[in-house]
Amino acid sequence: MRFGAAVLRSYESRFAVEDVILNAGPDDGEILVKIAGCGVCRTDLAVRRSAGRSPLPAVLGHEGAGVVVETGGPDTGLGVGDHVVLSFDSCGHCRNCLGAAPAYCDSFASLNLFEGRKENAARFTDAAGGGLAPRWFGQSSFAEYAMVPARNAVRVDPSLPIELLGPLGCGFLTGAGAAFHSFGVGPGDTLAVFGAGAVGLAAVMAATAAGAVTVAVDRHPERLALAERLGAIPLSAASADLPDRVRRLTDGGAQYALDTTGVAQLINDALRALRPTGHLALVARLHTALPLEPGALDRGRKISHLCEGDAVPGLLIPRLIGLWQAGRFPFDQLIRTYPLADINEAERDCETGRVVKPVLVPEGRGG
Ligand SMILES: NC(=O)c1ccc[n+]([C@@H]2O[C@H](COP(=O)([O-])OP(=O)(O)OC[C@H]3O[C@@H](n4cnc5c(N)ncnc54)[C@H](O)[C@@H]3O)[C@@H](O)[C@H]2O)c1
Ligand SMILES: [Zn+2]
Ligand SMILES: [Zn+2]
């Protein structure tokens, strides 16, 4: 079948929406999904800086949501017409998958980051027959359709605005999962978020919903204003004595801190803002060694790197939808929709910080 998709042909080029071809229907355990909307995650854009590790040309996009139009075999647990939110892929049978930690699947890299995916290239091509790297995070959803392992898909109520739900599969899942699962925040806890973007603000919303006090640090005044509306105490990253300021706002130090910036200086500031036994979690990929100050981890402090908010998507996504319906996780306030054809504008707005979470809607192709 032939359909439109945004293809990235080189690390420097703009995305080009063009016709692509899937040469076979779903295999056993797979579903074909008509994409209603796909969020743009910073991890999609980071492919440009992946120093050649990601094979191109490729179709990116890993926050897709849409409607099942075909199923492969009887065992997908899904039917044609089901509305689904797509998330990351996992094998389902390694130790971490069995232990309800699918984000730490032994096969995470090969299933989600293209490595080892070349065997599918003949199945997914451009209009001239050239192979495309498929199934980025099991999906490749910057497209009108995506072929997905059913294991990645979470069925949702068809009355929901499906075109907006894709970011619940990665960015919002990661921030909310950090608050709920990695930290287990509760009433009266304190959380400082460094970087109030899609992941950081999801953590603010989730921690606020759980009754915690949150501080949000960023360099963009609009991001700080948004964080304040979502329940956080805003704090400019340019403040003098940033760790002291956070400690004062959190009664002697934050119990939890989440860094979404990957900036070494801010990571060290976040550590200095922790109370004894505090936990700092990182989500951004680090591109250089991380120098820690002497004593940074003294007195029971700890630091970890999280993947996908330690979440089981099939459990956390319905929970976030329930909170949203109750007005306690207003993720839609962070979204701006764009026709898929405007993907380059969406990327620019994401890079400049103008929009927190662009969502690409394929229906607008060519419009
Ligand atoms: N580990 C995971 O599972 C996972 C999942 C999703 C995203 N990510 C990664 O998490 C990171 C954050 O993603 P996001 O979608 O929230 O990005 P984002 O761009 O929406 O948010 C980052 C925020 O950090 C702020 N920031 C950056 N540098 C700063 C600095 N020097 N001083 C002050 N503020 C600064 C920006 O203004 C922005 O608001 C990315 O690196 C992304 O690739 C990881
Ligand atoms: Zn696994
Ligand atoms: Zn992502």
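Against the definition (part of a helix (DSSP H, G or I) and at pLDDT 95 or above), how does residue 319 come out, yes or no? It would help to see each step written out before you state the result.
Details: part of a helix (DSSP H, G or I): yes; at pLDDT 95 or above: yes.
Yes; evaluated as a whole, the condition is true for this residue.
Could you tell me which of the residues 224, 235, 173 is out of contact with any Pro (no Cβ under 7 Å at 6 or more places or on another chain) and at pLDDT 95 or above?
Only one candidate passes the filter, namely 235.
What's the number of the only condition in (1) open to solvent by 20 Å² or more (accessible area, probe 1.4 Å); (2) among the hydrophobic types (A, V, I, L, M, F, W, C); (3) in the same structural domain as residue 355 (by TED's automatic domain parsing) that residue 199 fails to meet?
Result: residue 199 passes all but (3).
Can you spot a residue in segment 10-26 that is aliphatic (A, V, I, L, M) and buried (at least 24 other Cβ atoms within 10 Å of the Cβ)?
Residues of segment 10-26 aliphatic (A, V, I, L, M): 16-17, 20-22, 24.
Now restrict to residues that are buried (at least 24 other Cβ atoms within 10 Å of the Cβ): 20.
So far as segment 10-26 goes, yes, one or more of its residues are aliphatic (A, V, I, L, M) and buried (at least 24 other Cβ atoms within 10 Å of the Cβ).
Return the pair list, or none, for Cβ contacts closer than 6 Å from residues in segment 311-333 that are of a type in the set (D, E, K, R) to residues that are open to solvent by less than 40 Å² (accessible area, probe 1.4 Å) and outside any loop (DSSP other than H, G, I, E, B), at least 6 apart or on different chains.
Note: pairs meeting the criteria are 328/209; 332/164.
Every residue, every condition in (1) closer than 18 Å to residue 170 by Cβ; (2) more than 16 Å from ligand 1 (Cβ to nearest atom); (3) in the same structural domain as residue 25 (by TED's automatic domain parsing); (4) touching a Gly at 6+ places or on another chain (Cβ under 9 Å), yes or no:
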position: 82; (1), (2), (3), (4): no, yes, yes, no
position: 86; (1), (2), (3), (4): yes, no, yes, yes
position: 90; (1), (2), (3), (4): yes, no, yes, yes
position: 98; (1), (2), (3), (4): no, yes, yes, yes
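Could you tell me which residue of segment 248-298 is nearest to residue 216 (Cα to Cα), considering only residues that are open to solvent by less than 40 Å² (accessible area, probe 1.4 Å) and of a type in the set (D, E, K, R)?
Only one residue tops the list, namely 259.
Just to be sure I understand, how many residues within segment 38-66 are closer than 17 Å to residue 83 by Cβ and more than 15 Å from ligand 3 (Cβ to nearest atom)?
Taking segment 38-66 and keeping what is closer than 17 Å to residue 83 by Cβ, we get 38-39, 63-66.
Now narrow it down to the ones that are more than 15 Å from ligand 3 (Cβ to nearest atom): 66.
Total meeting the criteria: 1.
Name the residue that is farthest from ligand 3 (Cβ to nearest atom), counting only residues in segment 153-183 that are part of a loop (DSSP other than H, G, I, E, B) and surrounded by 24 or more Cβ atoms within 10 Å (Cβ to Cβ). Spell out the reasoning first.
Let us first name the residues in segment 153-183 that are part of a loop (DSSP other than H, G, I, E, B), namely 157-161, 165, 170.
Then drop every residue that is not surrounded by 24 or more Cβ atoms within 10 Å (Cβ to Cβ), which leaves 165, 170.
On the way: 165: 14, 170: 3 Å.
Of everything passing the filter in segment 153-183, 165 is farthest from ligand 3 (Cβ to nearest atom).
Just checking, does segment 214-221 include any residue being over 24 Å from the mean Cα position of the chain (by Cα), surrounded by fewer than 18 Cβ atoms within 10 Å (Cβ to Cβ), more than 26 Å from residue 327 (Cα to Cα) and not assigned by TED's automatic domain parsing to the domain that holds residue 109?
Going through segment 214-221, the residues over 24 Å from the mean Cα position of the chain (by Cα) turn out to be none.
The answer is no; no qualifying residue exists.
Report yes if residue 60 is more than 16 Å from ligand 1 (Cβ to nearest atom) and not assigned by TED's automatic domain parsing to the domain that holds residue 284, otherwise no.
Working: more than 16 Å from ligand 1 (Cβ to nearest atom): no; not assigned by TED's automatic domain parsing to the domain that holds residue 284: yes.
It is false that residue 60 is more than 16 Å from ligand 1 (Cβ to nearest atom) and not assigned by TED's automatic domain parsing to the domain that holds residue 284.
Evaluate segment 29-36: report whether one residue or more is touching a residue at least 60 places away in the same chain (Cβ under 8 Å), on the phi > 0 side of the Ramachandran plot and more than 16 Å from ligand 2 (Cβ to nearest atom). Walk me through how you get there before you give the answer.
So in segment 29-36, the residues touching a residue at least 60 places away in the same chain (Cβ under 8 Å) come out as 29-36.
Filter once more, keeping what is on the phi > 0 side of the Ramachandran plot: 29.
In the following step, the residues that additionally are more than 16 Å from ligand 2 (Cβ to nearest atom) were identified as none.
Looking through segment 29-36, none of the residues is touching a residue at least 60 places away in the same chain (Cβ under 8 Å), on the phi > 0 side of the Ramachandran plot and more than 16 Å from ligand 2 (Cβ to nearest atom).
Of these, 356, 312, which one is open to solvent by less than 30 Å² (accessible area, probe 1.4 Å) and among the hydrophobic types (A, V, I, L, M, F, W, C)? Outline the logic, then answer.
Values: 312 fails: open to solvent by less than 30 Å² (accessible area, probe 1.4 Å).
Result of the check over 356, 312: 356.
Quick one: which of 258, 235, 242 is within 16 Å of ligand 3 (Cβ to nearest atom) and either free of Cβ contacts under 8 Å to residues at least 24 places away in the same chain or aliphatic (A, V, I, L, M) (or both)? Don't jump to the end; show me each part of the working.
Working: 235 fails: within 16 Å of ligand 3 (Cβ to nearest atom); 242 fails: within 16 Å of ligand 3 (Cβ to nearest atom).
Exactly one of 258, 235, 242 is within 16 Å of ligand 3 (Cβ to nearest atom) and either free of Cβ contacts under 8 Å to residues at least 24 places away in the same chain or aliphatic (A, V, I, L, M) (or both), namely 258.
Could you tell me how many of the residues in segment 85-105 are aliphatic (A, V, I, L, M) and in contact with a strand residue (DSSP E or B) (Cβ under 9 Å, 6 or more places away or on another chain)? Explain how you work it out, then say what you get.
Of all residues in segment 85-105, those aliphatic (A, V, I, L, M) come to 85-86, 98, 100-101, 103.
Subset that is in contact with a strand residue (DSSP E or B) (Cβ under 9 Å, 6 or more places away or on another chain): 85-86.
Counting residues in segment 85-105 that are aliphatic (A, V, I, L, M) and in contact with a strand residue (DSSP E or B) (Cβ under 9 Å, 6 or more places away or on another chain) gives 2.
Would you point out which residue out of 211, 186 is open to solvent by 30 Å² or more (accessible area, probe 1.4 Å), touching a residue at least 24 places away in the same chain (Cβ under 8 Å) and more than 23 Å from residue 112 (Cβ to Cβ)?
When all the criteria are applied, what remains is 211.
In the list 261, 288, 277, which residue meets the criterion of being assigned to a strand (DSSP E or B) and β-branched (Val, Ile, Thr)? Talk me through it step by step, then tell me what you get.
Numbers: 261 fails: assigned to a strand (DSSP E or B); 288 fails: assigned to a strand (DSSP E or B).
Just a single option satisfies the conditions, and that option is 277.
For segment 119-137, does any single residue satisfy the condition of being within 16 Å of ligand 2 (Cβ to nearest atom), farther than 25 Å from residue 339 by Cβ and touching a Ser or Thr at 6+ places or on another chain (Cβ under 7 Å)?
So far as segment 119-137 goes, no, none of its residues is within 16 Å of ligand 2 (Cβ to nearest atom), farther than 25 Å from residue 339 by Cβ and touching a Ser or Thr at 6+ places or on another chain (Cβ under 7 Å).
The values are calculated or read from the model by the stated rules, or taken from the named source; none is laboratory data. Not measured: the values here are computed from a predicted model. Using ideal geometry, Cβ is built from the backbone for each residue, glycine included, and neighbour counts are taken over all protein chains shown. Ligands, DNA and RNA are excluded from the accessible area calculation, which covers all protein heavy atoms including side chains. Shrake-Rupley method; radii C 1.70, N 1.55, O 1.52, S 1.80 Å.
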